[in-house]
Amino acid sequence: MTPPETVSRRATSKDIDALSEVVADTLMAQPTAAWLVPDAAECPGVLLRYARLLLTRGLEEGQVATTDDHAAVAVWYSRLEPPAPAAVWVYDLQRLLGSHAARFALLHAYVDAVLPHTPHHYLAHLAARPGQSGAARALLDSYHRRLDAEGLPAYAEASGARPRESVFARLGYEPRSPVLLEPGGPALWRMWRPAPGDRRSDALPCRMRAHRSAMPLRRRAVPASPRFP
C-alpha cells in the first residue's frame, strides 16, 4: 500500500506547543546538546524553552513549514540581504535560559559569522519525530521547488561527523568546511545547495575560520570578522 503523500503547510502560533517538543527532541539527539547544556538533568527543559524561542522567531521573521500531524518542521529565512547580528537574540536568551544563555549566544555568534553573503534562503532548523525522516525530506522538497523556480540557492548547517550522509546531502547540498564550536564543542558543517545551473566555486567559500575573543554576553563583546584562508 502506498503511504499517503506528505503535505506541507505554513505553521501558525497554534502549532508552537507541539512543534517545540519536536524541535527540542531533535536537538537532544544532536552532538551540540551536551555542549550547549552540559548539565544532563537540565538539558531537556532548557532545550524546550529554546525551541519555543526558535519557532516564535521563525513565525515572526521567517517561514515555518510543518505537516498537519506535526511529524516534521522546517524553519526558513530569506537572506536576500544581510541579516541582523546575533546580538538581537541576547535579551531573549538571557530572559528564557538564564545561566545557560551564554553558550547559546555563542552558538548564534558563530553561525552569524559564517553566513553566506550571496543572496539565498537559510534553513535555520530542521526537526522530525522519530521515524519521520521522510516527512522532513518532503518539507524540504516542497520548499526547494519554490527556490528552484526563483533561481535561489539554499544554505544550512549539519551536525555530526558524516555530512555527506545527511538528509541535506541527499537533497543536493554540498558540504564545506565546518564551524568548530569552541571551547571543546562539536563541528557544524556548512551545507550549500546551489541554484539550478550555478556551479560557481565562489558562492560559498570552501574554507572559513571564525574566532571569538569574548563571549557574546559580556559587555561590549564584539564577534571577530571571519577570515578566508
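Quick note: the coordinates plus some simple rules give every number you see, no bench work behind them. Since the structure is predicted, the reported quantities are computational estimates derived from the model, not experimental observations. Cβ placement follows ideal geometry from the backbone for every residue including glycine, while neighbour counts extend to all protein chains displayed.
Annotations
- Overall form of region 82-183 per C-alpha gyration tensor (a/c, 1.5; a/b vs b/c): prolate
- With contacts taken as Cα pairs under 8 Å at a separation of at least 6 residues, region 9-193 carries a relative contact order of 21 percent.
- For region 9-193: rounded, prolate or oblate by the Cα gyration tensor [a/c cutoff 1.5]: rounded
- Shape category assigned to region 61-131 from the gyration tensor of Cα positions, a/c cut at 1.5: oblate
- For V37, V111, the sequence from fewest to most other C-beta atoms within 10 Å is V111, V37.
- Cβ crowding within 10 Å ranks D92, D112 as D92, D112, fewest other Cβ atoms first.
- Packing, as the average of other Cβ atoms within 10 Å across residues, places the peptides 45-58, 148-161 in the order 45-58, 148-161, highest first.
- A cut-off of 5 Å between modelled amide H atoms, ignoring neighbours fewer than 5 places along the same chain, links R79 with H120, H121, Y122.
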